[in-house]
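Below: one structure, written as structure tokens.
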Amino acid sequence: QVQLVESGGGLVQAGGSLNVSCTASGSVFGAMGWYRQSPGKQRELIALDTVNGAAYYDDSVKGRFTFSTDKAKTTAYLLMADLKPEDTAIYYCVASEVGKLGWKWGQGTQVTVSS
């Protein structure tokens, strides 16, 4: 049974930092990433593994967030710095199983940035 479990969300003041992580189990994963969904908005991709090994970042988080995974693709990290109120969202970890299409999703972790 595939499971992705996020942890590390919480409340932080604007300008602060917060780290979230994700543990994946139950399969062999080829890629991982992070989405987020803010109130009233569609879910958006913010960070992702790429084929060449470099991480993709949405412009809204580039330079402030750092995404990484372990070599086994069982844990993903999102280090978030200089947080802004507009970063308030539920953050979801995603992982793709080797040989299969589509993402598996975690349950999400809430990040709230106060002004």
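The values are calculated or read from the model by the stated rules, or taken from the named source; none is laboratory data. What you see is a predicted model; the values in this text were computed from it and never measured. All Cβ positions, even for glycine, are placed from backbone atoms using ideal geometry, and neighbour counts span all protein chains on display. Accessible surface is based on the protein model in full, side chains and every heavy atom, while ligands, DNA and RNA are left aside. Shrake-Rupley method; radii C 1.70, N 1.55, O 1.52, S 1.80 Å.
Estimated at 0.36 nm per residue, the fully extended path between residue 38 and residue 98 surpasses their Cα-Cα distance by 18.7 nm. 3J(HN,Hα) along the range 2-18, derived from phi through the Karplus expression 6.51 cos²θ - 1.76 cosθ + 1.60 where θ = phi - 60°, amounts to 6, 9, 10, 10, 8, 8, x, x, x, 10, 9, 7, 4, x, x, 10, 7 Hz, with x in place of Gly and Pro. Straight-line cross-link reach from residue 71 at under 29 Å between alpha-carbon atoms covers these lysines, not counting any fewer than eight positions away in the same chain: 62, 100, 104. Taking only protein heavy atoms and a 1.4 Å probe, the accessible area of the range 13-115 is 52% carbon and sulfur. Measuring with a 1.4 angstrom probe and ignoring ligands and nucleic acids, residue 46 comes out at about 0 Å² accessible.
Note on residue 97: accessible area approximately 20 square angstrom, rounded to 10, probe 1.4 Å, nucleic acids and ligands left out. Looking at the chain, the accessible area is 54 square angstrom per residue; that uses a 1.4 Å probe and ignores ligands, DNA and RNA.
By the rule of a C-alpha distance below 17 Å, with chain neighbours fewer than 8 residues away ignored, the aspartates and glutamates paired with residue 41 are 58, 59, 86, 87. For residue 5, the accessible area of its heavy atoms, probed at 1.4 Å with every protein chain present, is near 70 square angstrom.
Taken along the Cα-to-beta-carbon direction at a fixed 7 Å, the label points for residue 68 and residue 2 span 2.6 nm.
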